[in-house]
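The values are calculated or read from the model by the stated rules, or taken from the named source; none is laboratory data. If you're wondering where the values come from, they're calculated on a predicted model, not measured in any experiment. Reconstructed Cβ throughout: ideal geometry from the backbone, glycine too, with neighbour counts over all protein chains shown. All accessible areas refer to the heavy atoms of the entire protein, side chains included, with ligands and DNA or RNA removed. Shrake-Rupley method; radii C 1.70, N 1.55, O 1.52, S 1.80 Å.
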Amino acid sequence: MSPTGKRGSRRISVFDTTLRDGEQAPGNAMSAQTKLELALAIEALGVDVIEVGFPNSSPSDLAALRLVSEALTTARFCSLARANRADIEAAVTAGGTERHQVEIMVTGSELHMEHKRGITRAENLAETEFAIGLARSLGVRDISLGLEDASRGSDDLLRALIETGLSEGATTVVLADTTGHMVPAEFGDMTAKVRSWIPSDVVLSVHCHDDMGLSLANALAAVEAGADEVQATVAGIGERAGNTPLEELATVLTYKGHLYDAYTTLDTTGLYEVFQTLSRKIGLAPPRNKAVFGDNVFSTLAGIHQAGMLRNPITYEYVEPERFGRERKILVGRHSGRAVLRHVFDELGLPWDQELGQKLYEEHIASRSDGDFISVAELKHVLSTTVAAAI
Ligand SMILES: CC(=O)SCCNC(=O)CCNC(=O)[C@H](O)C(C)(C)COP(=O)(O)OP(=O)(O)OC[C@H]1O[C@@H](n2cnc3c(N)ncnc32)[C@H](O)[C@@H]1OP(=O)(O)O
Ligand SMILES: CC(C)C(=O)C(=O)O
């Protein structure tokens, strides 16, 4: 149950693409063994689908698909393929057809048709028909039509691609804001429109990029407009500015899912451990204020906040650290006040001593140099040694 006691009615499917879109960005390369380790950790969070990679792109990605497809027991796994025979056959050969979603990326905008592919609309539709039909003929039942750059495609093109894909057997449609150019109102409208074109049993999935910092807001607007699934990555890693961060999506749906009539069944307590593993594997250090995972997000140094939080953490904390595998930390530096000292006196069972308190405040808090801070445990040690020395 949500901490707010309110929950939406639609379970949102979570599609994790840390190992594919996340991995393709500079600095994020992962060996097959690393993908296996991460896939198992991500599966344990209760993610629905894990995109393992792009099997025809390299022997390493092919090996990863083989390893991961044999190891996962609850999540489905997904491979990315272009709309061509070689990519689709490689995916099916390495990953089989059981619990395997093949996401076939088709050209979702006139802009990409002209400037990237050099193909006509007729060629685009023919390629889509061929590719989805091929996957179906190879026995794939879980076929995703990935509309790359859909957010810049015309309605006419998108509708034709979707009709073609569905008539050939696609079971999921992915709307991608590939360049992250949309704002939530636009992406929500687009999602609602596409939702109205497709039957309710076709999964509508969204894939957003963070070029303007809107990937989460866009994904939420899509959920509100009827998307069934969100593609996300741990810590938001991915091409350029990255993708919708899984942990932020989970946080919003935990606390505010009812406003989107949505919920997920993710185990949010395991998210931070998965992030730590990812961070060790690819050397990722997020900014200290990064939501959910940053070093500072459950720590405070500021006296006014601490005075409130020591009475009741809800004064300055909405997101609860324990729900996300994190710990609350009160730190002591020159921005702190006397409340933390009072707390330490209390913890040691000592009555508050105004004179000693003021002395410790001046020596150990107010005059602490910029950027320097200690823990409450260290402050406790200072107080107990001071008291012991005075006896
Ligand atoms: C939006 C995304 O994130 S899509 C995923 C992007 N990820 C990656 O590109 C990482 C993995 N990619 C790779 O390892 C390589 O690009 C490979 C192995 C897939 C292909 O390498 P190459 O054959 O040398 O092609 P290259 O990468 O230079 O160009 C891509 C080709 O794919 C074609 N292509 C792009 N999208 C599609 C599509 N949806 N369907 C079919 N072909 C496509 C391009 O037109 C281009 O072919 P062309 O030069 O004949 O026009
Ligand atoms: C494959 C697609 C969904 C993609 O990654 C994108 O368009 O950004």
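At a glance:
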read-out	value
Failed criterion for residue 235 (all others in (1) open to solvent by 40 Å² or more (accessible area, probe 1.4 Å); (2) touching a Pro at 6+ places or on another chain (Cβ under 7 Å) hold)	(1)
Some residue of region 100-119 being more than 16 Å from ligand 2 (Cβ to nearest atom) and among the basic types (Lys, Arg)	no
Members of region 257-295 that are part of a loop (DSSP other than H, G, I, E, B), touching a Pro at 6+ places or on another chain (Cβ under 9 Å) and not hydrophobic (A, V, I, L, M, F, W, C)	290, 294, 295
Residues (among the polar types (S, T, N, Q) and touching a strand residue (DSSP E or B) at 6+ places or on another chain (Cβ under 8 Å)) located in region 68-96	69, 79
Flag if residue 361 is touching a helix residue (DSSP H, G or I) at 6+ places or on another chain (Cβ under 8 Å) and surrounded by 13 or more Cβ atoms within 10 Å (Cβ to Cβ)	yes
Qualifying position, being of a type outside the set (Phe, Trp, Tyr), touching a Cys at 6+ places or on another chain (Cβ under 6 Å) and within 14 Å of ligand 1 (Cβ to nearest atom), among 129, 123, 103, 114	103
Output for region 20-37, where each listed residue is out of contact with any Leu (no Cβ under 6 Å at 6 or more places or on another chain) and aliphatic (A, V, I, L, M)	25, 29, 30
Tally of residues being touching a Leu at 6+ places or on another chain (Cβ under 8 Å) and within 14 Å of ligand 1 (Cβ to nearest atom) across region 57-86	3
Residues of region 32-84 that turn out to be open to solvent by less than 20 Å² (accessible area, probe 1.4 Å), in a helix (DSSP H, G or I), closer than 17 Å to residue 246 by Cβ and touching a residue at least 40 places away in the same chain (Cβ under 8 Å), as a count	2
Residue in region 136-194 that is nearest to ligand 1 (Cβ to nearest atom), counting only those that are of a type in the set (A, V, I, L, M, F, W, C) and open to solvent by 50 Å² or more (accessible area, probe 1.4 Å)	138
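Let's see how each residue does on (1) touching a Phe, Trp or Tyr at 6+ places or on another chain (Cβ under 9 Å); (2) within 21 Å of residue 37 (Cα to Cα); (3) surrounded by 14 or more Cβ atoms within 10 Å (Cβ to Cβ); (4) not polar (S, T, N, Q):
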{"site": "257", "(1), (2), (3), (4)": "yes, no, yes, yes"}
{"site": "272", "(1), (2), (3), (4)": "yes, yes, yes, yes"}
{"site": "283", "(1), (2), (3), (4)": "no, yes, no, yes"}
{"site": "296", "(1), (2), (3), (4)": "no, no, no, no"}
{"site": "299", "(1), (2), (3), (4)": "no, no, yes, no"}
{"site": "317", "(1), (2), (3), (4)": "yes, no, yes, yes"}
{"site": "321", "(1), (2), (3), (4)": "yes, no, yes, yes"}
{"site": "324", "(1), (2), (3), (4)": "yes, yes, yes, yes"}
{"site": "330", "(1), (2), (3), (4)": "no, no, yes, yes"}
